[in-house]
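Coordinate-derived values only; no laboratory data. On a predicted model such as this, the values are computed, not experimentally measured, just so you know. Note that each Cβ is placed from the backbone with ideal geometry, even for glycine, and that neighbours are counted across all protein chains shown.
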Amino acid sequence: MAFISSGYNPEKPMEGRISDIGPRHYSDFLPPVIAKNKGDWDYHEILEPGVLKHVGNSGDVVYTVRVGAARLISVTHIREILSIADQYCGGYVRWTTRNNVEFMVTDEATLKALKADLAGRKFAGGSFKFPIGGTGASISNIVHTQGWIHCHTPATDASGTVKATMDEVFKEFQSMTLPAPVRIAMACCLNMCGAVHCSDIAILGIHRKPPMIDHAYLDNLCEIPLAVASCPTAAIRPTKIEIDGKTLNTVAIKEDRCMFCGNCYTMCPSLPLSDKEGDGIAIMVGGKISNRISQPAFSKVVVPFIPNETPRWPTMTKIIRRILDAYAKNARKYERLGDWATRIGWERFFEICELEFSAHLIDDFRDPAYYTWRQTTQFKF
Amino acid sequence: MAQHKTPLLDQLESGPWPSFVSDIKQEAANRADKAAKGEIDFQIAVDCPEDLLGVLELSFTDGETHWKHGGIVGVFGYGGGVIGRYCDQPQAFPGVAHFHTVRVAQPAGMFYKSDFLGSICDIWELRGSGLTNMHGSTGDIVLLGTTTPQLEEIFYELTHNLNVDLGGSGSNLRTPAACMGESRCQYACYDTQELCYNLTQEYQDELHRPAFPYKFKFKFDGCPNGCVASIARSDFSVIGTWRDEIRVDQKAVAAYVGGEYPSNAGAHAGGNWGKFDIKAEIVDLCPSQCVRYENGKLEINDKECVRCMHCINTMPRALRIGNDRGATILCGAKAPILDGPQMGSLLVPFIKVGADNDFREVKDVIEGIWDWWMEAGKNRERLGETMKRLGMATLIKAAGVEVDARQVQEPRHNPYIFWKAEEVEGGWERDINEYRKRHQR
């Protein structure tokens, strides 16, 4: 390999340097029909799962075909997306916040050809490249984090759990039969880069063993005061230890105070906590973000732990299926999963979904816990 | 071609959903092919996608990650935008031993043209792994895996050839994100893309150079439907709203009742929900009970409306957002680390959002909050946690906004009011000897 210079001169890093220019202006990339009608759209309709029609006050129409995609995608796959955009959409394409890809066209003939083309493309391994769906009362794509493929703190994998889950709910991605949208999110540790705390169904990686302490290296790798301060339950204190006749500065951990958040490990690499038996998945349900009808709500933990069953996490997908089917069968039109559970009562939710309620599910973390305990004689038998 | 056996990952190639394993394998094959033909002089290991699959297979086998903490890597003059990443099994997987992430600022609303994105692909194929996230959770284009010597080269090509910058990371302003807004949505109450772009440009210094106690996120939703989840995910959440009347087209209401238009814009078309029932589906579900339907006429008591969007979502051809538009600002949302999850708390009930004065009103609120948080916030304390520790009223004062009953769900449950001396007649300075003249010891 020969080094190919971009033009950057490491001897003079400031020479011709361009910085602080921010993103490209969005108007560089708007399809003409979008640019023309921006701020002047009249209404929209979902023509079929994955196909939207927006009509402008000008009378202009744009059809959007929404397709699922993995969040982790290669430049080869992106180039295929771009070649489709070039062929049908004047070179324009859009991503949604849920990792879906949207192709926009302005006439029905192109729409028909585009749909047929997208639906027919498959990876060598057999999965669809561009499944159409994810609109209306469906399960759209999953927002998620990195997991084992690129992160230092995960308790599970992200791309793998997402692939397993989306295979399980593929029918619901390509149809609109649910009482309301069901938003699934996945985060591979409590840091929740994927912000799963407000999703209808959340898949969350959790640790269950306190950090190990790499005494021999800790003082070289970590700022001990930062490691101490990082613990939300004050379980970490500075201490000294003798190894091979040398006194080393290190920390001690009060293990019964650990809630396995991993914040200390983020601050100090000498406190690793990942562990095959300790790590796995919790399932949370009933969160939402939209202000529609009911207010935004947090997800609640309904399954405290499922082991990491690679490569397809069958216990996890079975539980998600059970919750989903119970919701689809029992909820009213427009009722989000959490609204349904609140209406029937969470005691009934556990019964209908055949989930065990355990002490792990009773909140005991600081003041907000109190507001989740029952303070009325109204409950169901 | 596969260097590593991946029997577990191979099982993720079946099933209908797009397989990331198949895609990585496809990238690996293309790189090997181009290298063999001499088409591209790859600047990092040609086989890094194979090594990435190898290290992932190891994690699928032993149930633990094999990535170490980030080191301090980046581009000159920036304190964010690159996340250092090293494999803890470099001998077994040399292609990904050093495998840093580059965050590239995405255009607001995430529309792209093929020449631009194609050029990003070209840079990333030559100088990186060829693997990306479209997009990261905060919204950036995430380029997944390169080596330290390539970072300045990538930055140079992005800025010089594509006129695009890196995104944020660390204790910086993170890359702001917006819903598609007015570009393709009739519900947008302000131009989310323009506000997002304008603020991103205004605060480039805060985005690239860490000066905050912790990360700070801006997100911009055009309406209360909240498609970018700003109310749950951003320290500073701007959500479009209006304060006049929902515009009603009675003829179109009749068309929904008559079944000529699909209710809920067709979103429920696949279910057996029966004929659209305007009383059950609109009137009875209105959270503030401000809708009536009598004698074929829909009436909305707009003064009582809380703008939840349900009736508008359900009959988009009959009901439209009001004309006196602006936004609500909420602060302090975050995921659970550390002090538990927080939803955005309402700071400004209504603010006009216009490009005509360069969004000055919004910027004044932001800068008031930052001045306070940078002074009062502890290391690694999100704005929401500082708010919890020091109180909502402190934030309101710092932001320089009016106190308003809309800022609370209900008044306080305890009488522990932190009165200030200047609020009490005569102040707090008193003479104990004067007091003792009235009250014996």
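Things to note:
- Only Lys, Arg, Asp and Glu carry charge here, each on its Cβ (+1 for the first two, -1 for the last two); on that basis chain A has a dipole of about 700 debye about its Cα centre.
- Placing a label point 7 Å from the Cα of residue A:14 along the Cα-to-Cβ direction, the residues of region B:56-78 whose backbone N falls under 16 Å from that point are B:76-78.
- Cα-based equivalent ellipsoid of region B:7-161: semi-axis lengths in Å, sorted from largest, via gyration tensor: 24, 19, 17
- Between B:332, B:391, B:322, the residue with the greatest mean-square fluctuation in the GNM of chain B (Cα pairs under 10 Å linked by springs) is B:391.
- Candidates B:105, B:38, B:72 compared by Cα position along the dipole of region B:3-119: farthest toward the positive end lies B:105, with charges placed on Cβ.
- Each listed q (0.09, 0.11, 0.13, 0.14 Å⁻¹) maps to a log10 I(q)/I(0) for chain B from the Debye sum over equal C-alpha point scatterers, namely -0.76, -1.01, -1.20, -1.27.
- Pair residue A:216, residue A:242: separation of 7 Å Cα→Cβ label points (nm): 1.9 nm
- Note on region A:273-334: Cα convex hull, mean projected area over all directions, 5.6 nm².
- This ranking places A:275, B:244 by how few other beta-carbon atoms lie within 10 Å of each, fewest first, which gives B:244, A:275.
- Selection from A:72, A:90, A:14 lying farthest towards where the dipole of region A:8-126 points positive, charges on Cβ: A:72
- Directionally averaged projected area (convex hull, Cα atoms, region A:236-378), nm²: 12.7 nm²
- Taking the Kirkwood radius as Rh and the Cα radius of gyration as Rg, region B:1-48 has a ratio of Rg/Rh equal to 1.05.
- Rg followed by Dmax, in Å, when the protein assembly as shown is reduced to its Cα trace: 27.1, 102
- Cα-based Rg of chain A normalised by 2.2 N^0.38 Å, two decimals: 1.19
- Choice from B:280, B:333, B:188 with maximal GNM fluctuation in chain B (Cα, 10 Å cutoff): B:280
- 222 nm mean residue ellipticity, helices alone, for chain B (DSSP H n ≥ 4; -39,500 (n - 2.57); rounded to 500): -9000 deg cm²/dmol
- Rounded D (µm²/s) - region B:54-138, Kirkwood Rh over Cα pairs, Stokes-Einstein at 25 °C, 0.890 mPa s: 165 µm²/s
- Eligible lysines near residue A:329 by straight Cα distance, threshold 28 Å, same-chain separation 8 or greater: A:163, A:171, A:288, A:300, A:318, A:380, B:275, B:279
- Remark: the residue A:370-residue A:58 segment gains 106.9 nm on full extension, using 0.36 nm per residue and subtracting the alpha carbon distance.
- Stokes-Einstein translational diffusion, region B:247-320 - Kirkwood Rh over all Cα pairs, 1.306 mPa s, 10 °C, in µm²/s: 128 µm²/s
- One Cα centroid belongs to region B:333-392, the other to region B:72-109; the line between them spans 29 Å.
- Region A:11-46-region A:60-112 distance, computed between alpha-carbon centres (Å): 17 Å
- Selected from A:250, A:128, A:154, residue furthest toward positive end of dipole (chain A; charges at beta carbon): A:128
- Evaluated over region A:29-77, the Cα radius of gyration and Dmax, each in Å: 13.7, 39
- Lysine pairs with alpha-carbon atoms under 26 Å apart, region B:7-161, spacing 8 or more or separate chains: 4
- Neighbouring Cβ atoms from other chains, within 10 Å of the Cβ of residues in A:192-200, number 6 on average.
- Cα-based Kirkwood hydrodynamic radius, region A:17-111, one decimal, Å: 14.7 Å
- Ascending count of other beta-carbon atoms within 10 Å, so fewest first, for A:258, B:196: A:258, B:196
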